[in-house]
Amino acid sequence: MKKILLSLFLAASLAVPSLAATWSAVDRVPVVGKQVLSKNSLPTTTTFVITDVEVTNSTSNENNKLYINKTNLNYTGNDNEVAAVIAQEIGALVNANASKKKLVSNITSALAGSFVDTSLETTALAANEFTLNNMSEKDQMNADITGVDLMIQAGYNPLAMIVVLGKMPGSTMDILKSQPNNFKRTMYIYDYLAYNYPSKVKAGYNCQEYKNFLTYIQPTIDERNSNSKKLAKWEKEQAKLKQERAKQIAKYKATGGLNGWDASYTILKNLSESAEVK
């Protein structure tokens, strides 16, 4: 009887640390976030705020807070994936997405209001909405790859961003084409990494979602690699994208960030030099 009780006690003792060590995405945000900030020479005094609603992180925000949507964290399963969610938000901030959209909206709305003809005003407002939607998609994709750069510098696996986006709900177009969720964005990230950081792609990411993604895109990659014109066009596009990303970070550094973030010379130097030369 004593042996049985002792066995039960030991089993219970071993179970307690296991429960205490339960991983939580929300709990990991401050730790992972600080790592992303510090390794990229961004202010570590920034406070991460978990929200239940979507909040746009804008350069006009002067309270030194970065808002992270709790729903997005539900699609993460480790620190790499939490870093992906955080880095994407910082990427949007560095790229000044919110400020750009606000500027375009103000200008086009002002132009629309100047039209006496109602039909012209309606057309201008419709054009404004179309421009903002297109800008939003492009900005999202560029924030993704800026976030990828930040993840690499912080020591996280950038392929985790592909996995996180793949877990999130996709568009109707993804469904109609039988594509992985958010395929356009994930392919954009993969191409950027394959050209600029080939060793990261070679190292891979050990999970079934990423393996499924690779299986889906392999025919496209094989076709492109076998066509010299398509391959040359792809390489040219990626080289240009790399330059644009470096310019955006340089611009952010030059302005110092309108919310008090001081992206020092280190962030530009490290991100520009860490991209692998093919």
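Below is a table of values for the structure above.
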{"item": "Sequence of TYR192, TYR205 once ranked by neighbouring C-beta atoms within 10 Å, starting from the fewest", "result": "TYR205, TYR192"}
{"item": "Extension gain (nm, one decimal) between ALA194 and GLN208, 0.36 nm per residue minus Cα-Cα", "result": "3.1 nm"}
{"item": "Ranked list, fewest to most other Cβ atoms within 10 Å of each Cβ, for ASP52, ASP191", "result": "ASP52, ASP191"}
{"item": "Theoretical FRET efficiency, 1/(1+(r/R0)^6), r = Cβ-Cβ of LYS70 and LYS229, R0 45 Å, to 0.05", "result": "0.45"}
{"item": "Pairwise label distance in nanometres, VAL55 with LYS177, each label 7 Å out on the Cα-Cβ vector", "result": "3.4"}
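Each value in this text was obtained by applying a stated rule to the coordinates, not by laboratory testing. All figures in this text were calculated on a predicted structure; none of them were measured in a lab. Neighbour counts are summed over all protein chains in view; Cβ atoms, including those assigned to glycine, are modelled from backbone coordinates with ideal geometry.
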